[in-house]
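Engineer: Before I ask anything, here is the structure I am working with.
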Amino acid sequence: MIKMEKVNKHFGPLHVLVDVDLTVKPGEKLVVIGPSGSGKSTLIRCMNLLERPSSGRVVVDGVDITAPGAPLTKVRQSVAMVFQQFNLYPHKTVLENVTMAPILVKGVPKEAAEASGLAYLERVGLKHKAGAYPSQLSGGQQQRVAIARALNMHPKIMLFDEPTSALDPEMVQEVLDVMVGLSQEGITMVVVTHEMGFAREVADRVIFMDSGQILEEGPPEHFFEAPTHERTKLFLSRIL
Ligand code: ADP
Ligand code: MG
């Protein structure tokens, strides 16, 4: 579903991704962990061209999205992203937030976008808030709306960049619960998170990034019980 080949990313003098090779299979749940500044966000932003690699190739669902003239809008439609900051439109209702992109970007008829939008809101437990404004919702609820909004684009891949990091502790679990539910439905997921319980429960594979490289990877059992690298051990000892 995603294939990165020798991907490098420079920001001026900073070499943020160093020859990254990574393959994500259809339906796979990949969890990305690593210290702050190690390149996790840049890595997943290269998967939907929010960042363009300085060199290397990124192929998504058979399309080389790094090729000149790649269909950027189509890529963004099939690879949805949920951010740490939910970025809902404050002056639009919950339902309008969830239906805007399908209507404006994909040309979905309003009625159809609302029907599927309400179904996704129900999935995240917020159908009853369809007419509310973001400011009337808690952080956890806003993030669940952001997930419903991403789903309403019917993406093939969902990218999550620390989706619970900005939440008050008591709201983390309701968002993780939605993500666990989602993981049981065959969608390909790449999740940057420090929630190790989630990683153990959901991940098919965990990768550990350090200084722009994938230092270690493996199924969560291996990863948490018997990490190979000193850097991984040190990182886990600090967060577990
Ligand atoms: P992580 O998500 O693991 O914390 P990031 O991918 O956000 O790491 O950042 C990796 C490095 O790249 C950091 O040193 C960060 O400061 C730098 N960086 C990220 N985005 C930009 C940018 N747009 N311009 C300049 N430097 C950036
Ligand atoms: Mg980040």
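The values are calculated or read from the model by the stated rules, or taken from the named source; none is laboratory data. Predicted model only: the values in this text are computed from it and were never measured. Glycine gets a Cβ as well: all are built from the backbone with ideal geometry, and neighbour counts include every protein chain shown. In case anyone asks, the SASA skips ligands and DNA or RNA and just uses the protein heavy atoms, side chains included. Shrake-Rupley method; radii C 1.70, N 1.55, O 1.52, S 1.80 Å.
Engineer: Quick check: at a probe of 1.4 Å, how many percent of the accessible area of region 87-240 sits on carbon and sulfur atoms?
Structural biologist: The C+S portion of the solvent-accessible surface of region 87-240 is 51 percent.
Engineer: Please work out the C-alpha center-to-center distance from region 192-233 to region 159-191 and express it in whole Å.
Structural biologist: 17
Engineer: While we're here: Using only Cα atoms and rounding to the nearest 10 degrees, what angle (0 to 90) does helix 139-151 make with the longest principal axis of the chain?
Structural biologist: That helix lies at roughly 90 degrees to the long axis.
Engineer: Still on this model: How large is ³J(HN,Hα) for each residue in region 200-205, as worked out from phi by the Karplus curve 6.51 cos²θ - 1.76 cosθ + 1.60 (θ = phi - 60°), to whole Hz, x for Gly and Pro?
Structural biologist: With the stated coefficients, region 200-205 comes to 4, 6, 10, 5, 7, 8 Hz.
Engineer: Quick check on region 107-230: of the DSSP beta bridges with both residues there, what percent are antiparallel, nearest 5%?
Structural biologist: Looking only at bridges with both residues in region 107-230, the antiparallel portion is about 50 percent.
Engineer: Moving to a separate point now. Using the Cα centre as the reference, give the magnitude of the dipole from point charges on the C-beta atoms of region 155-240 (Lys, Arg: +1; Asp, Glu: -1; all else neutral), rounded to the nearest 20 debye.
Structural biologist: 280
Engineer: While we're looking at this one, here's another question. Would you grab the residues whose amide H sits under 5 Å from the one on V82? Only those 5+ places off in sequence or on another chain, please, with H modelled 1.01 Å from N.
Structural biologist: L159, F160, D161
Engineer: Which listed residue (H91, I2, L22) has the Cα farthest towards the positive end of the charge dipole for region 1-126, taking +1 on Lys and Arg C-beta and -1 on Asp and Glu C-beta about the Cα centre?
Structural biologist: L22
Engineer: Sorted by average packing, counted as other Cβ atoms within 10 angstrom per residue and highest first, what order do 199-210, 127-138, 182-193 take?
Structural biologist: Order by mean packing, descending: 199-210, 182-193, 127-138.
Engineer: What does the charge count near M179 come to, summing +1 for each Lys or Arg and -1 for each Asp or Glu among other residues with Cβ under 13 Å from its Cβ?
Structural biologist: Once positives and negatives cancel, what remains is -4.
Engineer: Can I ask one more? Give the lysines reachable from K25 as a straight Cα distance under 30 Å; neighbours fewer than 8 places away on the same chain don't count.
Structural biologist: Qualifying lysines at Cα under 30 Å: K3, K6, K9, K40, K74, K106, K156, K233.
Engineer: Considering only V191, L167, P13, whose Cα is most displaced toward the positive end of the charge dipole of the chain, charges sitting on Cβ of Lys, Arg (+1) and Asp, Glu (-1)?
Structural biologist: P13
Engineer: Given an 8 Å cut-off on Cα distances and at least 6 residues of separation, report the relative contact order of region 32-117 as a percent.
Structural biologist: 15
Engineer: Can I ask one more? About the Cα centre of region 20-115, what is the dipole size in debye to 20, counting +1 per Lys and Arg Cβ and -1 per Asp and Glu Cβ, all else neutral?
Structural biologist: That gives a dipole near 120 debye.
Engineer: So what's the back-of-envelope 222 nm ellipticity for the chain, counting only DSSP H runs of four-plus at -39500 (n - 2.57) apiece and dividing by all residues, rounded to 500?
Structural biologist: It lands at -11000 deg cm²/dmol.
Engineer: Here's another thing I want to ask about it. Assigning unit charges at the beta carbon (Lys, Arg +1; Asp, Glu -1) and nothing else, what dipole magnitude in debye, to the nearest 20, does the chain show about its Cα centre?
Structural biologist: Dipole of the chain, to the nearest 20 debye: 720 debye.
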